[in-house]
Amino acid sequence: MSKLAAFGGTAVVPREMRRVEWPRVEDDDRKAVMDALDGALVSDTDGVNPVAVLENSWADHFGFGHCVAVSNGTAALSLALAALGVGPGDEVIVPALSFIATGLAPVHQMAVPVFADIDPVTFNIDPDDIERRITDRTKAIIPVHLHGAPADMDRITAIAARHGIPVIEDAAQAPGATHRGRPVGGIGTAGAFSLQVSKNIPTCGEGGLLVTGDAELAAAMRRGRQFGEVIESGRDRDYISYGLGWNHKMNGLQAAFTTAQLARFDEYERARQHNVTRFLARLAKLPGLRVPTALPDTTHVWHILRFRFDPAAFGVAGVRPEALRSTLRRLLRAEGVPMSQYQLMPLPDQKVFVDRLGFGSGYPWSVTGAPGTVAGEGYPVTRAVIADSLTIQKRHLNPGAGELLNLYAEAFEKVWANSDMVATLAKAAS
């Protein structure tokens with residue numbers, strides 16, 4: 001049994017291997033950006049431009065009817081809600097575990113986010129809790145395909161159809177994921193993607209995409225991204241706002257970079273699937289460790305890897321999950337495995353929702369009379385997952401990360417081989 005690095009032993013992962021490039025910037029990406037500098041830099045230019053090329057390429061690659069490029073994934077969610085007419089007095093159901101943007105997007109439309117608990121295995125919104133939270137004010141449901149795992153879209157869309165509620169998929173972390181053979185983002189009424197630099201298909205900074213099979217909805221999204229104007233090829237710009245709009249355009253350099261990355265996505269995805277599934281299969285043998293998984297007949301694209309730790313199964317029954325989590329985080333990081341938390345609290349505990357900061361004077365909550373959230377109450381599954389889990393982010397996205405993941409697995413096995421030490425530390429912290 002090797003001595004743990006936290007106590008003077010040699011770390012499993014050498015320091016020179018700990019810095020991993022993501023995204024991978026290749027000559028094709030550099031050329032695409034340089035070529036775009038000589039062409040149209042914005043999306044409102046007549047004729048072919050890099051933004052339109054990306055929109056068409058994304059739609060063709062994944063099989064979406066329409067694609068609208070925007071400035072970022074948060075803008076994509078807000079524009080989707082706006083195009084569907086969600087506004088003051090409305091409620092939007094969102095998961096209690098997600099990035100803050102999922103909860104803020106309804107507030108941007110003066111609608112109230114209503115939080116639902118999650119599934120303990122996929123970490124996605126619980127369809128049963130969705131149904132419990134539907135009221136006559138519910139005007140949209142936003143399931144998140146968290147970490148790249150598809151939500152239970154069969155049940156979610158069935159519930160939505162019974163109540164006549166549109167579904168906007170937050171697929172920010174899940175380009176390429178599928179649910180029963182269908183690409184996520186294209187199953188509900190509309191789908192929103194993020195191209196932020198950390199994502200599986202990135203841009204050189206910030207960017208987002210909206211997809212839908214509804215031509216009229218796509219047109220409304222296009223109007224919304226540019227001041228409510230109608231921008232069409234061959235039609236002179238009239239500078240008339242036909243409805244409320246914003247300036248949520250993507251620029252040509254971002255679009256060109258993502259189009260080049262998209263061309264390599266299938267190759268990268270095959271490598272990731274091989275590397276990650278082999279890594280997870282190895283870790284699944286360790287007692288007290290639950291590795292990420294997906295629903296049957298779905299494709300998980302492993303944007304983030306979340307691991308749950310069970311104190312009883314590990315052999316430290318009675319220890320607080322947070323104590324075991326923090327102990328394992330310390331020991332694994334010392335071995336060179338970059339374990340971290342993703343979201344430190346449920347969304348309903350965020351100050352902006354608890355204190356109803358919104359637009360001031362309690363808006364939008366005061367419009368509906370809906371109560372604000374209470375920090376520390378409700379959402380037991382979300383709270384349990386946050387308390388007993390850690391994540392690995394970004395490094396495994398590099399298609400050449402197979403050797404590194406092998407070392408990560410060795411580090412896990414080394415820490416588990418020192419389970420007596422882990423137990424002593426966890427009990428002391430509990």
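For the residue pair Arg237 and His163, what label-to-label distance in nm results when each label sits 7 Å from Cα along the Cα-to-beta-carbon direction?
4.1
Looking at the chain as a GNM with Cα springs under 10 Å, which of Gly362, Gly73, Gly148 has the largest mean-square fluctuation?
Gly362
Let me know the volume per residue of the alpha-carbon convex hull for the range 282-353, in Å³.
For the range 282-353, the hull spanned by Cα atoms encloses 160 Å³ per residue.
Determine the shape class of the range 156-212: with a ≥ b ≥ c the square roots of the Cα gyration tensor eigenvalues, call it rounded for a/c under 1.5, and otherwise prolate if a/b is greater than b/c, oblate otherwise.
Here the range 156-212 falls in the prolate category.
Could you provide, to the nearest whole Å², the per residue accessible area of the chain with probe 1.4 Å?
Result: 40 Å² of accessible area for each residue.
Which residue fluctuates most in the GNM of the chain (Cα springs below 10 Å): Leu344, Leu146, Leu77?
Leu344
Take Asp266 and Asp214, extend 7 Å from each Cα along the Cα→Cβ direction, and tell me the distance between the two endpoints in nm.
Here the modelled spin labels are 3.1 nm apart.
Got a number for carbon plus sulfur as a percent of the range 198-264's accessible area, 1.4 Å probe?
Looking at the range 198-264 in its full context, I get 51 percent from C and S.
Round to a whole angstrom and tell me the spacing of the C-alpha centers of the range 270-323 and the range 135-198.
24
Compute the signed sum of charges (Lys and Arg +1, Asp and Glu -1) over the other residues within less than 10 Å, Cβ to Cβ, of Thr368.
Working: positive: Arg137; negative: Asp90, Glu91.
Every neighbour counted, the sum reads -1.
With a cut-off of at most 11 other beta carbons within 10 Å, and DSSP calling the residue loop, which trypsin sites (Lys or Arg not before Pro) in the range 1-73 qualify? Please list them.
Arg19
Heavy atoms only, 1.4 Å probe, whole protein assembly: order Ser361, Ser419, Ser2 by accessible area, highest first.
Greatest to least solvent exposure: Ser361, Ser2, Ser419.
Ordered by residue, what ³J(HN,Hα) values in Hz, to whole numbers, does the range 374-387 give under the Karplus form 6.51 cos²θ - 1.76 cosθ + 1.60, where θ = phi - 60° and Gly and Pro are x?
Computed from phi, the couplings for the range 374-387 are 10, 4, x, 10, x, 6, x, 5, 4, 5, 5, 5, 4, 5 Hz.
Among residues other than Asp38 whose Cβ falls under 14 Å from its Cβ, what is the net charge (Lys/Arg +1, Asp/Glu -1)?
Once all neighbours under 14 Å are counted, the net charge is +1.
Counting pairs on different chains as well as pairs 8 or more places apart, how many Lys pairs in the chain have Cα atoms under 22 Å apart? Kindly include the intermediate steps, with their values, before the conclusion.
Details: Lys3/Lys285; Lys3/Lys414; Lys3/Lys427; Lys31/Lys199; Lys199/Lys249; Lys199/Lys394; Lys285/Lys414; Lys414/Lys427.
For the chain, the number of qualifying lysine pairs is 8.
With the full set of protein chains in place, find how many percent of the accessible area of the range 84-192 is carbon and sulfur; take the probe as 1.4 Å.
52
Which of the three applies to the range 243-310, rounded, prolate or oblate, going by the alpha-carbon gyration tensor with a ≥ b ≥ c and a/c under 1.5 meaning rounded?
prolate
So what's the net charge close to Ala190: Lys and Arg +1, Asp and Glu -1, counting the other residues with Cβ under 12 Å from its Cβ?
-4
Could you give the semi-axes, largest first, of the ellipsoid that matches the range 294-430, computed as the square roots of 5 times the alpha carbon gyration tensor eigenvalues and rounded to whole Å?
Values: eigenvalues 237, 88, 35 Å².
The equivalent ellipsoid of the range 294-430 has semi-axes of 34, 21, 13 Å.
Take the Cα atoms of the chain, build their convex hull, and give its volume per residue in Å³.
143
Can you tell me the length gained on complete extension of the stretch Glu403 to Val352, counting 0.36 nm per residue apart and subtracting the Cα distance?
14.1 nm
With θ set to phi - 60° and the Karplus curve 6.51 cos²θ - 1.76 cosθ + 1.60, what are the ³J(HN,Hα) couplings of the range 89-102 in order, to the nearest whole Hz, using x for Gly and Pro?
Couplings: x, 9, 10, 10, 8, 9, x, 6, 10, 5, 5, 4, 4, 4 Hz.
Could you run the Karplus curve 6.51 cos²θ - 1.76 cosθ + 1.60 with θ = phi - 60° over the range 69-78 and give me ³J(HN,Hα) per residue in whole Hz, x for Gly and Pro?
Coupling constants for the range 69-78: 7, 9, 6, 6, x, 5, 4, 4, 5, 5 Hz.
If I build a Gaussian network model for the chain, linking alpha-carbon pairs within less than 10 angstrom, which residue out of Ser57, Ser340, Ser241 has the largest mean-square fluctuation?
With Cα springs under 10 Å in the chain, the top fluctuation among Ser57, Ser340, Ser241 is at Ser241.
For the chain, what does the helix formula give at 222 nm: sum of -39500 (n - 2.57) over DSSP H segments with n ≥ 4, over the residue count, nearest 500 deg cm²/dmol?
-12000 deg cm²/dmol
When only DSSP loop residues count, what trypsin sites (Lys or Arg not before Pro) in the range 219-250 have their Cβ near at most 15 other Cβ atoms within 10 Å?
Taking the range 219-250 and a limit of 15 other Cβ atoms within 10 Å, the loop trypsin sites (Lys or Arg not before Pro) found are Arg235, Arg237.
Rounding to the nearest 10 and keeping the result within 0 to 90°, find how far the Cα-based axis of helix 321-334 lies from the longest principal axis of the chain.
The angle comes out at about 90 degrees.
Please say if the range 1-156 is rounded, prolate or oblate, where rounded means a/c under 1.5 for a ≥ b ≥ c the square roots of the C-alpha gyration tensor eigenvalues, and otherwise the choice is prolate for a/b larger than b/c and oblate otherwise?
Here the range 1-156 falls in the oblate category.
The values are calculated or read from the model by the stated rules, or taken from the named source; none is laboratory data. Here the structure is a predicted model, which means the values were calculated and not measured. Virtual Cβ from ideal backbone geometry, glycine too; neighbours counted across all protein chains shown. Note: areas computed on protein heavy atoms with side chains; ligands, DNA, RNA excluded. Shrake-Rupley method; radii C 1.70, N 1.55, O 1.52, S 1.80 Å.
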